[in-house]
Each structure stands twice: as C-alpha cells, then as structure tokens.
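Scroll down for the structure; my scribbles are underneath it.
The values are calculated or read from the model by the stated rules, or taken from the named source; none is laboratory data. Nothing here was measured: the structure is a model prediction, and the numbers come from that model. Neighbour counts are summed over all protein chains in view; Cβ atoms, including those assigned to glycine, are modelled from backbone coordinates with ideal geometry. Areas reflect the complete protein model, heavy atoms only, side chains present, ligands, DNA and RNA absent. Shrake-Rupley method; radii C 1.70, N 1.55, O 1.52, S 1.80 Å.
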Amino acid sequence: MSNARTTRPRWHRLVTATAAGLVLTAASPAARADATAADANPVRVQLLSITDLHGYFGDYTTTVPGAHAGEATQTVGGGAYLAAHLDRLRDQAALPEANSILFSAGDDFSGWPTETAYFWNEPTIEYLNHIGVRFSTIGNHELDRNLDYLRHMMDGTCEGRPDGDLCFTDSTGERFAGADFDYYSANVVDGATGELVVKPYHVERVDDGHGGTLPVGFIHATTSGTPNEGLSYWPADQLRFLPEAAEINRYAAELQAQGVQSIVAVVHEGFAQVGDFYNDCTNPSGPMVEMNKQISPAVDAIVTGHWHALANCLLPDPAGNPRPVVEAANHGRLISEINLQLDPETGDVLRDRTTSTNHANTRTVTPDPEVLRMAQYWRDRAQQRRNEPVVDIAGDLARTSADAEESTLGNATADAFRWAAQQDGGADVGIVMPNTLLRDVTYAPTAGNAADAPGRVLFGELMVGVIHESGGFGAALTSGELTGRGLDQLLESQWQQAADGSVTFRPLAVSSNVSYRYDPTAPVGDRVDFGQVRIDGKPLKPNATYRVATLSKDFVTRYAVPGFSALLDAHHQHRTAYSGPDALAGYLRAHAPLAPPALDRIRAKP
C-alpha cells in the first residue's frame, strides 16, 4: 500500500554501537575484503522502528532512564514529538525515500487512552498513516478481538464489532479507510486450516544509487505466547502460533533462494537488559536472547517488541557474527535506528559496518502541528462521545443490595453475558466474577450534565467504567465447557478460607436461568446444595456439559480474586466477538427499557 506521507525524506544512519557500550568483534579477512571492495559506493539503508505504541499518540508524557548507566532520566512522550523526531532523523540521513524505512514491531493499537479507546483505535491508524509507517508485524494485541477486527484495521471494512460501531470520521473529515500499510506474521495460522492468516514476509526495494534497486527482506513473527496473554486469548481451534525461530529460518532460506541477501527479522517478542539504560546491553536475558541463538545467520538484524524493554544489543548469531538486537520500549518513548550498508554488487549487508542506536522521544523539538491538531480533534470527539445516548433503563442497576448474594447490576450483567454468548457460539450459563463491576448504572441523570436525562444511559456511563477493562477494548467475553461437577466447584469457590480459618464470601452473579440454595454454616467447599442447583429448571447433572460465558482468562487471572480455577480448566473455550461492555450494551438495547432484575436466583437455607 502507498505511504500517506510520501513527500517526506527519510532517515539517517545510526550512532555507533560501541558508543552504547557494545563492541563489534574483529571482522574476518574475508569480511574486510568485502568491505574494502564496497568502500567506494556502499548502499546505505536506514531502519527506523517503534513498538508497542498502544495508541499513545496524543498528549502523553513519561520518562526513560538515560542512554547509558549514570546518565540522567529524560522526559519523553507524545505522538507530535515522535513525528518531529522521525522527521529530524530522516532529514539527517539525507537518503532516497526508499532507503529510509519506518515500521512497527507490533501492538500498535488495543490502547488505553480515551481518545483511542472510545473509537476502537481507529485514531491510532490515522496517526500511523500520518507518520509514514511502511509496515507492521502483528503483535498479540492486534489479535485482541477477532480476525474481522484486524481486517477492519487493515482494510477499513466496517466489520469486527457485533453492533457495527466502526468506521468513524477521522480528523480530516474522511471516513475511516484502514491502514496505508500491511500487517505480517510468519507464524500465526488458522487453527482449522493451518493456513497463515497474513503474509509471512515481504521485500522492500532500495535505491542502489545507479538507477537500479536492491532487495531487503523483512520476516515477521508474533509471540507464540499469545494464547497465554489473556486479553489476546485465542483457543487452539481458532488460531495457532508456530515456533518463531523455525518459521523465521524457513522464510530466510526462501528469501535467499529468491536472491535476497539482506534480511531483517521483526519479532513481536522481547527481552530485557539490566538497568534499562536505553543504549546499553547489560546482561541481556529473555526469549529473544535465546531465540537469537537459533535464528539463521542469514538474518542481519532483529527488531523486537512485546516486553516494553529498553535495549540496544549486538549479539552473536549462530555463526558467531554480531548483529543488532534492539527493542524500543513502548508508548512511543523510543525510536530504534539501525543503519545497514549493502554491497552494491551482491546486495548483502556489510556486517562490520552495521550500527544501531535508540533515540529518546524527548520534548526538545518542535512538535508536529498536524499531530497536535489530530490529537485535539480526537480529544474533543471523545468528550462528545461520552454524552452519546446508548439506551434507556427503567430503574437503577446497582452493584450491591441488602441481599448480599445478588445485585440488580450483577444479575443484568450475567444475563447479558449469556445473551451475548448465545449470539456467538452459544452458552448455557452467564457468570459475573467478583471485581467485574465498577460502578452503578443509575436511573437519575448525572448532575450538571445537560446531555443526560432520567433513565438515559450515556456512552461514557456504560461503555467505559461499568465493567472492568483490562485493555482499551474491555476484557473479552469467553465461553467454555464445564461439567456439572466443575460448575458446582465454581459456585463453591465463592467461599474462600484463609490460613487463619477466616472465611471470605465473594459472590458470583448467575444468569436468570440458574438457581441454587446454599448453607452458610456448612464446611467451606460443601455449602452449595448440589441437588438444588437448577439450570433452565432442570437439576444439575454431575457429568453433563454446560457452556459458561464470562470474562476472559486474563480477567480471571489478573483481576478477579484467587480461587476460581475451575474457569481456567474449561474445555473448548471460545472467544466471542463481544467484550464485557459490548455484551451489556447489546443486552440493554435488546431489552430496553430494562427493569431491574428480581433478586431471586440464590437463597441461603433457613
């Protein structure tokens, strides 16, 4: 796809790695001879990369440690400053446009800032188009919803959300049209067919300075730990993640067979080094350090992400030759720059001339005025969106009640989870975990807000802040199968006994088709009367299978309280197209104006 900013010059060679405390080993006689032959006219290529932006292109300020141990912390952040630094680096490089390549190592969106989250991260794509991103690797957070949503971000389709609330008007007045660049990954495959979901690699053609071009190949991979990343939890029957190094090596050989000798791996997996001084490499450790030992020497540089780490390393490849392995933190705090010099005859990288550095996104440059305008537009739109009506209700939906076992909001949300899962994959039971609900949904209007009215629920009241959000899209609604015994174990988990013998009751909300009785005086683990549990009016059967809908594995492990492990063992888990807020909003719309549900599902024995 074309770049949105094709008129901009692109970037510069890197500051020497030895200045960052990294030492290149002596080149072999053959390497020195190659370098000598190309001394007069090597082809320079500048690689600029960011990673884990997560939608933080607006007014954002944070810090990074100094470039090297002992140096002062620096204030950084903000998409307008990032754009200005990129322009500065491009200008300094004074290279042909094709030879200065900006890209991302993934997790571009699924962000938390209001101005991106309220618009399902479409503003992030507008920003990335503006700064001239050439391509991106799929990160785990690009997969937080479903493949329709990723296609929406790539191609501008209006698919990927159950209510069709997509394709907003951007800051230029144009309808969202998707990314001006492509996403790639060599190791994400469809669980059913085994086919790659996007292309594994691509080739950029750089100007050789003599009227021709040379190829530079980029191979992309996504952390194979994605199924364990919670928000981006994809059951094995939907997506599979192949071993990163093996797939990189496979496609490196394929590129070489095509005559491509300059190869870069862009991997959404990370590592760290002690101290986090962003141009140091002290005792590096983590998946990419180990993976570097396995990745073919044909790969000349490795750009990483995912760990939000600050590192600029030269690590030996399996043949013992050093190559840069870099990571540029997160949220636009750093820019990684790798400078390659290519042999004009062979197109191969002259390894002993490769340099790398990380640049801090300091606020010491004049911010890009277009990004300032863009960010302000989305902030203003976010305020408007807070006040958009979503639905009407007929009474308060509260998190608590005199009946400790139930609440009107808990019951409504459990019903919503079951309803939403039935729209996508099916469910027998809806369950709301402790710590899920953050605020009441009230009938009375918000004082001082002219947009509100009795019974009216605004976007800002419902879609953000009612159901716990562990990311910019909200925690995912997932269903999975439990046996009757497993469901009973889950219900028993509401009473948890500490080492000192004290018992804490953390109630679960259940959907309206579920009822049971319990004995608060019975031993912990044996309080629910199994014979009195009813699903759709029928007794719970110990060996029967029941599909339970609740928030994702990530929510259970990170935000709910310990002790609810039965959910983690559910079989045939299915990640629906709904987030928690999506489910509640959709259910309320379908049943508007919803009256507060009765509190009659759970009863203590007299």
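Remarks
- Spatial offset of region 415-435 relative to region 94-121 amounts to 34 Å, using the alpha carbon center of each.
- Förster-model FRET efficiency, 25 Å R0, ALA444 and THR400, C-beta, rounded to 0.05: 0.90
- In degrees, nearest ten, helix 79-93 long axis to first principal axis of the chain (Cα): 20
- Helix-only [θ]222 nm of the chain, DSSP H runs n ≥ 4, -39500 (n - 2.57) each, per residue, nearest 500: -6500 deg cm²/dmol
- Given a 1.4 Å probe and the protein chains as shown, CYS158 ends up with an accessible area of around 50 Å².
- Amide H contacts for LEU314 (H built 1.01 Å from N in the peptide plane; partners 5 or more residues away or on another chain; cut-off under 5 Å): VAL325.
- Label-to-label distance, ARG373 versus SER512, with points set 7 angstrom from Cα along the beta-carbon direction: 5.2 nm.
- On Cα atoms only, tilt of 369-386 relative to the major axis of the chain in degrees: 10
- Lys/Arg +1, Asp/Glu -1 at C-beta; the chain dipole; positive extreme among LEU409, ASN99, PRO284: LEU409
- Assigned charges on the beta-carbon of Lys, Arg, Asp, Glu; region 423-472 dipole about Cα centre (debye): 160
- Net charge of the neighbourhood of ARG589, taken over other residues with C-beta under 10 Å away and scored Lys/Arg +1, Asp/Glu -1, is -2.
- Only Lys, Arg, Asp and Glu carry charge here, each on its Cβ (+1 for the first two, -1 for the last two); on that basis region 47-116 has a dipole of about 160 debye about its Cα centre.
- Residue-by-residue Karplus 3J(HN,Hα) for region 95-105, coefficients 6.51, -1.76, 1.60, Hz, glycine and proline x: 10, x, 3, 5, 8, 10, 10, 9, 8, 10, 8
- Full-stretch length increase - ASP569, THR73 - with 0.36 nm per residue and alpha-carbon distance subtracted: 174.1 nm
- What the chain shows is 36 Å² of accessible area per residue, with the surface traced by a 1.4 Å probe over protein heavy atoms.
- With R₀ fixed at 22 Å, the C-beta to C-beta distance from ASP165 to ALA595 puts the FRET efficiency at about 0.30.
- Taking amide hydrogens as placed 1.01 Å from N in the peptide plane, the amide H of VAL206 sits under 5 Å from those of LEU214, VAL216, each at least 5 positions away in sequence or on another chain.
- Dipole axis of region 138-254 (+1 Lys, Arg; -1 Asp, Glu on Cβ), positive-most option in GLY173, HIS210, ALA246: ALA246
- Couplings for region 334-347, taken from phi via the Karplus curve 6.51 cos²θ - 1.76 cosθ + 1.60 with θ = phi - 60°, read 10, 10, 8, 10, 10, 10, 9, 10, 9, 5, x, 8, 9, x Hz in order; Gly and Pro are left as x.
- Projected label distance in nm at GLN422 and THR366, using a 7 Å step from Cα toward the beta-carbon: 6.1
- Computed from backbone phi, the HN-Hα couplings of region 486-494 come to x, 5, 4, 4, 4, 5, 5, 5, 5 Hz, rounded to whole numbers (Karplus: 6.51 cos²θ - 1.76 cosθ + 1.60, θ = phi - 60°; Gly and Pro given as x).
- Under a 5 Å amide H cut-off, with hydrogens placed 1.01 Å from N, LEU458 pairs with VAL390 among residues at least 5 apart or on other chains.
- Listed values [x] 253; [y] 169; [z] 153 include one computed from this model; for volume of the Cα convex hull per residue in Å³ that value carries the label [y].
- Extension gain from THR346 to VAL503, taking 0.36 nm per residue of separation minus the Cα-Cα distance: 49.3 nm
- Taking 7 Å steps out from each Cα toward its Cβ at ASP519 and ALA453 produces label points 5.4 nm apart.
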